[in-house]
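For reference, the structure discussed in these notes is given below.
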Amino acid sequence: MAIGDTIPFTSIPWIDALFVVFSGTMLLSGLLVVTMRDIIRCGLAMIVCFGALAGIYVLLGSPILGAAQVIVYIGAISVLILFAIMLTQSKAAPNRLVFQTQAVPAAIASVLLALVSVLAVLATDWGELAERIHIATDELARVLFSDWVLPFEIVGVLLLAAVIGGVFLAKRERGQEESP
């Protein structure tokens, strides 16, 4: 280990400390997404959760996956969700969400999902996994922008058309109907 690999005055490696910070941030913001009543704040907590996940991807040695997480989930999906919420939320509607009546089935499903996740983590050979999964960033970029450039652009145009259609539908006045 080099001199700058640990936190000063401790023997804790920086990568371990960053992992704890990112995972704690992700868990806390994920909990806030499902417990807060204000839907806009839930969307902002979801963006923080996605950002912490991108940091974990980078720490695990996959910067291309971290960048894709930021671009796709934070830059596109989260912003699109918040944009749609802000456009379609009626002024007469309550600003706060009410909790659903499905708390007991959701709690049971959460416990089962946590149990399956723990069993999957314990059954995985993590040392062998790191050797099998190695994707070169330059090779992925070459394939994406040479072999898949047309589908990549088509998806971009379709997403743009969806956003324009969403804005058109949101801006249309309530009493206005389509003319034949």
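The numbers here are math on the coordinates, done by the rules we state, and not lab data. Owing to the predicted nature of the structure, the values given are computational and were not obtained by experimental measurement. Cβ: placed from backbone, ideal geometry, glycine included. Neighbour counts: every protein chain shown.
Can you list the residues, at least 5 places off or on another chain, whose amide H is less than 5 Å from the amide H of T6, using H built in the peptide plane?
W14
From the phi angles alone, apply the Karplus equation (6.51, -1.76, 1.60; θ = phi - 60°) to segment 112-120 and give each ³J(HN,Hα) in whole Hz, x where the residue is Gly or Pro.
Values per residue, Gly and Pro as x: 5, 5, 5, 5, 5, 5, 5, 5, 5 Hz.
Could you give me the ³J(HN,Hα) list for segment 76-87, computed from phi with Karplus coefficients 6.51, -1.76, 1.60 and θ = phi - 60°, whole Hz, x at Gly and Pro?
Computed from phi, the couplings for segment 76-87 are 10, 5, 5, 5, 5, 5, 5, 4, 5, 5, 5, 6 Hz.
Could you calculate the FRET efficiency of V116 with V21 from 1/(1 + (r/R0)^6), where r is the beta carbon distance between them and R0 is 30 Å, rounded to 0.05?
0.70
What are the ³J(HN,Hα) values, in whole Hz, obtained from phi via the Karplus relation 6.51 cos²θ - 1.76 cosθ + 1.60 with θ = phi - 60°, for each residue of segment 13-27 in sequence order, with x given for Gly and Pro?
Result, ordered by residue: x, 4, 5, 5, 5, 5, 4, 5, 5, 5, 5, x, 4, 5, 5 Hz.
What FRET efficiency would be calculated for the residue pair D147, L80, taking the C-beta separation as r and a Förster radius of 35 Å, to the nearest 0.05?
It comes to 0.80.
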